[in-house]
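> There's a structure below that I have some questions on.
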Amino acid sequence: MAEHTDAKQRQLDEHRVDDSDRALTTQQGVRVDHDDDSLTTGGRGPTLLEDFHAREKITHFDHERIPERVVHARGAGAYGYFEAYDGWLSDYTTAEFLTSGERIPVFVRFSTVAGSRGSADTVRDVRGFATKFYTRQGNYDLVGNNMPVFFIHDGIKFPDFVHAVKPEPPNEIPQAQSAHDTFWDFVSLQPESLHMVLWLMSDRALPRSYRMMQGFGVHTFRLVDAEGRGTFVKFHWKPRLGTHSLVWDECQKVAGKDPDFNRRDLWDSIEAGRFPEWELGVQLVDEADEHSFDFDLLDATKIIPEEEVPVRPAGRMVLDRNPENFFAETEQIAFHTANVVPGIDFTNDPLLQARNFSYLDTQLIRLGGPNFSQLPVNRPVAAVHHNQRDGYGQHYIHKGQTSYFKNSLGGGCPAVADADTFRHYTEAVSGKKIRERSPSFQDYYSQATLFWNSMTVVEREHIVAAFRFELGKVVDKDIRARTVHELNRVDHDLAARVAAGVGVPEPGSGEPNHGRTSPALSQVAAPVRSVATRKVAVLLADGVDATGVRKFTDALSEAGAIVELLAPHEGEIAAGTGDPLTADRQLNTMASVLYDAVVVPCGPDSVDTLSEDGYAVHFVAEAYKHAKAVAASGSGVQLLERAGVGSRLAKDETIVVADGVVTTTAAADDLPGEFATAFLAELAMHRAWQRRTDSVPA
Ligand code: HDE
């Protein structure tokens, strides 16, 4: 648990309840001497109405569920802090948290969008990335996603879009999936969604970890300085560990092996003191340049390419404390895009404007009334004084005779302030009231093409495979054809490759591709290489060369990787050389998909046992299929051969590195330090994307 306490944590401490060494009571504080049997007439008679304890207990239980979020129902959150760099943003904004450099408490909630609260983490979906900054000037919420654009550009389409992606009404199937008819029906008829659909079909929709995911504010917001001058801004979060994804086959398996994969990863990392970190970046656009782009800044289906407007580092955020209670904190946190502080304002982005209505509205039903901002996790650390009164769940006891403004009886208080106040940006607007979207929003394809053009070969392969998978689940052939037709307007090669997979005739040559790229969009082209927090499975059994294992795993741990020893049985593992080892986990409780890499150490008996264990053989083959780093030393190489892994395995004591597979026949005593170094280099690559594994059984 984090050492640091801050204003928010001190406030939360007042609400934290510790039951240890305490007596059981009713809600009224009456001590209870019996909690197993209800009050009955005789041991076998009817239960008595006067059993207030049993009634209270059951009644509370009957009411303990609240509606899940209509979207983003499944999530995981944590506390931490944000600190701005250098205060350079004070040239643009009066928002203190962006300029003071002080540590500002935050709570971040990550989420999937489509699935219900109990759905699996590793589904193909957008991820929410919502941050509440508890600033001295009030709460600021940056309610973003891990993709920089959205499916629609006008909020009026949001209910349609969500109805289309959610499980279908007759049977509530499928859960947490976009691979079904209604979603693709919507997409094929709503071309503005195409750009985001390309992101959704890309690896961005399959994050390896919330800690390895970018975040985006999506909309163009506005910074406002002390003179009231506005500057357009887009917010970006960049993870220190780089942006990395799982592969689709892996995701589907993880959904069964560990449906809490991303949630657990966040929790475990924070518990272990490996605090996730992001850098906040901003793209700033002068108001005078509002119309100098070939898209509309108010259109949330568009990015501002980083090569056109660079992302400037503005601060960093660290998450260092898990919540005490999921419901109280992660479930009850209420984000709202209209929670802004002085120095940050909106633009006329029609999606943002609708969100500013929706987020307050939704909390009223979800949290049962207008006082949800008094819930501990939602309370600002800034002082709160207003004339709003009463309502369900009112926690404050407001003193005084007046609850209106202006008043004389209350001395005019609370009084409007004259400094440090929120003042709406004064923007001149004019025009006729019309239901019509500006033509500047109507280029649906250029940026979808830009995204496609910017992908590496392997990223494109994944996108094509994703389209084939998703459309392959669509029953209505017209929807498939219509979608392919739309893809043809993005790129002909893309459309042709998808068409070939889903039984749709290849469309004509389509519109010419504009050929532009934005290198920053690829997450593979310039990866952050790090082994920090990467999970490595070491497969072993009795007779393993324990000396070599220790030497190797020490080197990995020192480099920041997490090593787990997996064996057919838990407890002590008899060693072929050196002292016995203790297995961390029983092999069959885990799976390769829960690790970043796998290692098979030397030890003839150990390797013989593993070679007879289909689970171990599959473990290695599957890690190989998913392009993970694989290593084996000494007799361990035989298990790789048995698993059909790699065509270039070591034949002698030389270290062979081939497409992420690192082998040597050297055993414990001769195992060179370079073996660990070579493996760490492959692990840092995240995946050996150049490895061709299509023919490896899934
Ligand atoms: Fe949301 N969205 N949204 N959304 N959204 C909600 O608010 C909505 C949009 C996002 O961890 C809801 O409290 C409308 C864009 C996140 O608690 C609801 C529109 C982006 C979260 C809602 C959008 C988001 C939500 C459901 C179109 C990325 C989870 C429960 C006008 C920038 C926050 C709730 C959390 C949650 C409405 C579009 C991100 C119903 C109407 C664009 C991360 O109010």
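The values are calculated or read from the model by the stated rules, or taken from the named source; none is laboratory data. Everything numeric here is computed off the predicted structure, so don't read it as measured data. Heads up, the Cβs are rebuilt from the backbone with ideal geometry, glycines too, and the neighbour counts pull from every protein chain shown.
> Condition check: crowded, with 17+ Cβ neighbours inside 10 Å and not in a loop (DSSP other than H, G, I, E, B). Does Thr362 satisfy that?
Yes: the conditions hold for Thr362.
> What residue, of Val340, Val384, is within 15 Å of the ligand (Cβ to nearest atom) and either modelled with pLDDT under 95 or of a type in the set (Val, Ile, Thr) (or both)?
Sole residue among the options that is within 15 Å of the ligand (Cβ to nearest atom) and either modelled with pLDDT under 95 or of a type in the set (Val, Ile, Thr) (or both): Val340.
> Which one of these is within 16 Å of the ligand (Cβ to nearest atom) and surrounded by 17 or more Cβ atoms within 10 Å (Cβ to Cβ): Arg437, Arg355?
Values: Arg437 fails: surrounded by 17 or more Cβ atoms within 10 Å (Cβ to Cβ).
Just one listed residue meets the conditions, Arg355.
> So Asp86 passes all but one of these: (1) surrounded by 13 or more Cβ atoms within 10 Å (Cβ to Cβ); (2) modelled with pLDDT under 95. Which condition number does it fail?
With (1) surrounded by 13 or more Cβ atoms within 10 Å (Cβ to Cβ); (2) modelled with pLDDT under 95 applied to Asp86, the lone miss is (1).
> Restricting region 531-557 to residues that are surrounded by fewer than 20 Cβ atoms within 10 Å (Cβ to Cβ) and under 13 Å from Leu683 (Cβ atoms), which is nearest to the chain's Cα centre (by Cα)?
Restricting to residues being surrounded by fewer than 20 Cβ atoms within 10 Å (Cβ to Cβ) and under 13 Å from Leu683 (Cβ atoms), the top hit is Thr533.
> For region 256-276, how many residues meet the condition of being out of contact with any helix residue (DSSP H, G or I) (no Cβ under 8 Å at 6 or more places or on another chain) and of a type outside the set (Lys, Arg)?
Residues meeting the conditions: 9.
> While we're looking at this one, here's another question. Scan region 210-220 residue by residue and report those that are buried (at least 22 other Cβ atoms within 10 Å of the Cβ) and either within 16 Å of the ligand (Cβ to nearest atom) or assigned to a loop (DSSP other than H, G, I, E, B) (or both).
Tyr210, Met213, Gln214, Gly215, Gly217, Val218, His219, Thr220
> Which residue, of Ala591, Ala583, Ala621, Ala559, is small (Gly, Ala, Ser), farther than 26 Å from Ala698 by Cα and out of contact with any strand residue (DSSP E or B) (no Cβ under 8 Å at 6 or more places or on another chain)?
Working: Ala591 fails: farther than 26 Å from Ala698 by Cα; Ala583 fails: out of contact with any strand residue (DSSP E or B) (no Cβ under 8 Å at 6 or more places or on another chain); Ala621 fails: farther than 26 Å from Ala698 by Cα.
On inspection, the qualifying residue turns out to be Ala559.
> Could you please give the count of residues in region 625-634 that are outside any loop (DSSP other than H, G, I, E, B) and not basic (Lys, Arg)?
Count: 5.
> Please tell me if Glu308 is without any contact (Cβ under 8 Å) to a residue 60 or more places away in the chain and more than 15 Å from the ligand (Cβ to nearest atom).
When the stated conditions are applied, Glu308 passes them.
> For region 283-308, which residues satisfy the criterion of being surrounded by fewer than 18 Cβ atoms within 10 Å (Cβ to Cβ), closer than 23 Å to Trp199 by Cα and of a type outside the set (Phe, Trp, Tyr)?
Scanning region 283-308 gives Asp294, Glu306, Glu307, Glu308.
> Also: For region 96-123, what are the residues that are surrounded by fewer than 23 Cβ atoms within 10 Å (Cβ to Cβ) and in contact with a Leu (Cβ under 9 Å, 6 or more places away or on another chain)?
Result: Thr99, single match.
> Taking region 231-266, which residues are part of a strand (DSSP E or B), in contact with an Asp or Glu (Cβ under 6 Å, 6 or more places away or on another chain) and surrounded by 21 or more Cβ atoms within 10 Å (Cβ to Cβ)?
Within region 231-266, the first condition is being part of a strand (DSSP E or B), and the residues that meet it are 231-239, 245.
Filter again for in contact with an Asp or Glu (Cβ under 6 Å, 6 or more places away or on another chain), leaving 238, 245.
Scanning region 231-266 gives a single hit, Ser245.
> Oh, and also: Residue check, Ala428 against (1) under 30 Å from Arg229 (Cβ atoms); (2) surrounded by fewer than 10 Cβ atoms within 10 Å (Cβ to Cβ); (3) more than 41 Å from the chain's Cα centre (by Cα); (4) not β-branched (Val, Ile, Thr), all met but one. Which one?
Result: Ala428 fails condition (3) only.
> Next question. Which condition from (1) under 29 Å from Arg229 (Cβ atoms); (2) within 16 Å of the ligand (Cβ to nearest atom); (3) in contact with a Phe, Trp or Tyr (Cβ under 7 Å, 6 or more places away or on another chain) is the one that Val377 breaks?
(1)
> Being assigned to a strand (DSSP E or B), polar (S, T, N, Q) and modelled with pLDDT of 95 or more is the filter here, so list the residues in region 569-624 that pass it.
Result: Thr582, Gln586.
> Also, quick follow-up: For Ala500, which of the numbered conditions (1) outside the structural domain of Ala597 (by TED's automatic domain parsing); (2) within 30 Å of Val637 (Cβ to Cβ); (3) modelled with pLDDT of 95 or more fails to hold?
(2)
> Has region 272-293 got any residue that is under 18 Å from Val593 (Cα atoms), in the same structural domain as Asn146 (by TED's automatic domain parsing) and either of a type in the set (A, V, I, L, M) or not in a helix (DSSP H, G or I) (or both)?
No, because not a single residue in region 272-293 is under 18 Å from Val593 (Cα atoms), in the same structural domain as Asn146 (by TED's automatic domain parsing) and either of a type in the set (A, V, I, L, M) or not in a helix (DSSP H, G or I) (or both).
> So in region 567-586, with the set limited to residues that are within 11 Å of Gly543 (Cβ to Cβ) and not aliphatic (A, V, I, L, M), which one is surrounded by the fewest Cβ atoms within 10 Å (Cβ to Cβ)?
If we take residues in region 567-586 being within 11 Å of Gly543 (Cβ to Cβ) and not aliphatic (A, V, I, L, M), then Pro580 is surrounded by the fewest Cβ atoms within 10 Å (Cβ to Cβ).
> Something else about it: Do you know which residues across region 534-561 are more than 30 Å from Gly614 (Cβ to Cβ) and in a loop (DSSP other than H, G, I, E, B)?
Those that are more than 30 Å from Gly614 (Cβ to Cβ) and in a loop (DSSP other than H, G, I, E, B): Ala559, Gly560.
> Looking at region 635-678, which of the residues that are among the β-branched types (Val, Ile, Thr) and part of a loop (DSSP other than H, G, I, E, B) is nearest to Arg692 (Cα to Cα)?
Ranking the qualifying residues of region 635-678, first place goes to Val645.
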